[in-house]
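**Student:** Following this message is one structure expressed as structure tokens.
The values are calculated or read from the model by the stated rules, or taken from the named source; none is laboratory data. Predicted, not measured: the structure shown is a model, and the values here were computed from it. For neighbour counting, all protein chains shown are included, and Cβ atoms are generated from backbone atoms with ideal geometry for every residue, glycine included. Just so you know, the surface numbers come from the protein's heavy atoms only, side chains and all, with ligands and any DNA or RNA stripped out. Shrake-Rupley method; radii C 1.70, N 1.55, O 1.52, S 1.80 Å.
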Amino acid sequence: MDNNNIDWGNLPFGYMKTDYNVRTYYRNGKWGSLEVSSSEHIDLHIASVSLHYGQQSFEGLKAFMGKDGKVRLFRWEENAKRMQSSARGILMKEVPTEIFKKAIYKVIRMNKRFIPPYGSGASLYIRPLLIGSGPQVGVRPADEYLFMVFVTPVGPYFKEGFKPVNMLLTKEFDRAAPQGTGKYKVGGNYAASLTSMKKAHDEGYANVLFLDSKEKKYIDECGPANFFGIKNNTYITPKSDSILPSITNMSLLSLAESIGLKTERRQVTEGELESFEEVGACGTAAVISPIGKIVDENGKVYNYGSEPGKISTQLYNKLLAIQTGDEKDTFGWVDIVE
Ligand SMILES: Cc1ncc(COP(=O)(O)O)c(C=O)c1O
């Protein structure tokens, strides 16, 4: 099969079968060798802890084809660290950074023909997954773990491109408990967000803006993305123990400083939404989704306009240019996969 039948310009943000994935097991106190598989399935014990008690964590990162024909990987070490933090958070065995690196580089190289061409707007999405594969019936951590990585070419998260989306601010649902697992990238958080996301989608919103679960006063996250607001030449993003530390957000904070903005990471009250000049959601999938409108359940509307703000646009273009290699990476964020 060649790639001529892939319509790179119209790829969805979804799964497509590729040639290979990689896997390694933690058994008897150590990680085994990296296996290459062309099967899309895994053989899992019926009493696997991952299935019953949710012992699993995943990551999401992207590789980009540059104009120069080089494949660029964005800040993979941060994803390795975050997966280690998630593993510690739910008592799984950590995947050492070297094994994480070996696995993602191998799976990218082996699926090179699925890396979307430069200029298509698409990229190769990389999905590392760590699960407690061993069986238990009582609630206990597994004694065997499986780490695997698959890749799939994806188009832009929003078909309509870099255009403001609307968000539903809801107090009806919580994504994570105040001292729970919100800061880890574990499946249970996403299961917990499905009903609220469905409500938002059913009502015509792109996603949900969650408030903190304890006081329902502070902005937490924006569906599967962090939140930021801009005012008075300052990039402001919520500080909270129950949000996922976004690598995109971390990068935007540095970029904001590099273009002369002040930055603040602190609690952001719902009331402060009134005062922002621009607001947005940020994450690997879309980099930045500018927010046009936030509507709460009582019908209160915060309006930011129907066009992306100037600073959001500047940050978006800059980050994307670094990821694709159009702009020099002065931060040391990008690694070339030879
Ligand atoms: C809950 C949640 N918040 C934020 C993010 C953004 O994180 P990152 O920028 O590392 O993709 C994600 C994942 O993309 C997420 O699932």
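**Student:** Under 9 Å between Cβ atoms, which residue pairs at least 6 apart in sequence (or on different chains) link something in the stretch 235-249 that is among the aromatic types (Phe, Trp, Tyr) with a partner that is away from the ligand (no atom under 11 Å from the Cβ) and in a strand (DSSP E or B)?
**Tutor:** TYR235/PHE228; TYR235/GLY229; TYR235/LYS262; TYR235/THR263; TYR235/GLU264
**Student:** Name every residue in the stretch 131-154 that is in contact with a Gly (Cβ under 8 Å, 6 or more places away or on another chain) and surrounded by fewer than 20 Cβ atoms within 10 Å (Cβ to Cβ), in order of residue number.
**Tutor:** Listed by number, the residues that qualify are PRO141, ASP143, GLU144, THR152.
**Student:** Quick check on my filter: what residues within the stretch 72-81 are open to solvent by less than 30 Å² (accessible area, probe 1.4 Å) and either of a type in the set (Asp, Glu) or within 16 Å of ALA103 (Cβ to Cβ) (or both)?
**Tutor:** So the first thing to find is which residues in the stretch 72-81 are open to solvent by less than 30 Å² (accessible area, probe 1.4 Å), and the list is 72-74, 76, 79-80.
The answer is LEU73, TRP76, ASN79, ALA80.
**Student:** Could you tell me whether any residue of the stretch 5-16 is part of a loop (DSSP other than H, G, I, E, B), at positive phi and either aromatic (Phe, Trp, Tyr) or without any contact (Cβ under 8 Å) to a residue 24 or more places away in the chain (or both)?
**Tutor:** First pass over the stretch 5-16, keeping only residues part of a loop (DSSP other than H, G, I, E, B): 5-7, 11-16.
Remaining after also requiring at positive phi: none.
Among the residues of the stretch 5-16, not one is part of a loop (DSSP other than H, G, I, E, B), at positive phi and either aromatic (Phe, Trp, Tyr) or without any contact (Cβ under 8 Å) to a residue 24 or more places away in the chain (or both), which makes the answer no.
**Student:** Looking at the stretch 91-104, which of the residues that are assigned to a helix (DSSP H, G or I) and without any contact (Cβ under 8 Å) to a residue 24 or more places away in the chain is surrounded by the most Cβ atoms within 10 Å (Cβ to Cβ)? Break it down into steps so the answer makes sense when it comes.
**Tutor:** As a first pass, look at the stretch 91-104 and keep what is assigned to a helix (DSSP H, G or I): 97-104.
After this cut, where a residue has to be without any contact (Cβ under 8 Å) to a residue 24 or more places away in the chain as well, the list is 97-98.
Details: THR97: 14, GLU98: 10.
By that ranking, first place goes to THR97.
**Student:** On to the next question. Is it the case that the stretch 115-129 has a residue that's in a helix (DSSP H, G or I), open to solvent by less than 40 Å² (accessible area, probe 1.4 Å) and more than 26 Å from GLY161 (Cβ to Cβ)?
**Tutor:** Initially, the stretch 115-129 is screened for residues in a helix (DSSP H, G or I), giving none.
No; the residues of the stretch 115-129 include none that is in a helix (DSSP H, G or I), open to solvent by less than 40 Å² (accessible area, probe 1.4 Å) and more than 26 Å from GLY161 (Cβ to Cβ).
**Student:** Report whether or not PRO308 is assigned to a loop (DSSP other than H, G, I, E, B) and within 16 Å of the ligand (Cβ to nearest atom).
**Tutor:** Values: assigned to a loop (DSSP other than H, G, I, E, B): yes; within 16 Å of the ligand (Cβ to nearest atom): no.
In short, no.
**Student:** PRO238: within 16 Å of the ligand (Cβ to nearest atom) and open to solvent by 10 Å² or more (accessible area, probe 1.4 Å), yes or no? It would help to see each step written out before you state the result.
**Tutor:** Details: within 16 Å of the ligand (Cβ to nearest atom): yes; open to solvent by 10 Å² or more (accessible area, probe 1.4 Å): no.
No.
**Student:** If you take the residues in the stretch 32-90 that are free of Cβ contacts under 8 Å to residues at least 40 places away in the same chain and within 16 Å of the ligand (Cβ to nearest atom), which one is farthest from LYS328 (Cα to Cα)?
**Tutor:** GLN84
**Student:** For the stretch 191-226, name all the residues that are open to solvent by less than 10 Å² (accessible area, probe 1.4 Å) and of a type in the set (Val, Ile, Thr).
**Tutor:** VAL208, ILE219
**Student:** Residues of the stretch 159-190 being away from the ligand (no atom under 12 Å from the Cβ) and surrounded by fewer than 15 Cβ atoms within 10 Å (Cβ to Cβ), which ones?
**Tutor:** LYS159, GLU160, GLY161, LYS163, LYS171, GLU172, ALA177, PRO178, GLN179
**Student:** Of all residues in the stretch 264-284, which are in contact with a Ser or Thr (Cβ under 9 Å, 6 or more places away or on another chain) and within 23 Å of GLU307 (Cα to Cα)? Let's see the steps before the verdict.
**Tutor:** Going through the stretch 264-284, the residues in contact with a Ser or Thr (Cβ under 9 Å, 6 or more places away or on another chain) turn out to be 264-268, 278-284.
Scanning the stretch 264-284 gives GLU278, VAL279, GLY280, ALA281, CYS282, GLY283, THR284.
**Student:** For the condition within 16 Å of ILE230 (Cα to Cα), among the charged types (D, E, K, R) and either open to solvent by 20 Å² or more (accessible area, probe 1.4 Å) or within 21 Å of the chain's Cα centre (by Cα) (or both), what is the one hit in GLU297, GLU274, GLU327? Steps first, please.
**Tutor:** Values: GLU297 fails: within 16 Å of ILE230 (Cα to Cα); GLU327 fails: within 16 Å of ILE230 (Cα to Cα).
Going through GLU297, GLU274, GLU327 in turn, the sole match is GLU274.
**Student:** Please determine whether any residue of the stretch 249-257 is away from the ligand (no atom under 15 Å from the Cβ), at pLDDT 95 or above, in a loop (DSSP other than H, G, I, E, B) and open to solvent by 40 Å² or more (accessible area, probe 1.4 Å).
**Tutor:** Scanning the stretch 249-257 turns up no residue that is away from the ligand (no atom under 15 Å from the Cβ), at pLDDT 95 or above, in a loop (DSSP other than H, G, I, E, B) and open to solvent by 40 Å² or more (accessible area, probe 1.4 Å).
**Student:** Please find, among ASP220, ASP202, the residue that is out of contact with any His (no Cβ under 6 Å at 6 or more places or on another chain) and within 10 Å of the ligand (Cβ to nearest atom).
**Tutor:** Working: ASP202 fails: within 10 Å of the ligand (Cβ to nearest atom).
Checking each option against the conditions leaves just ASP220.
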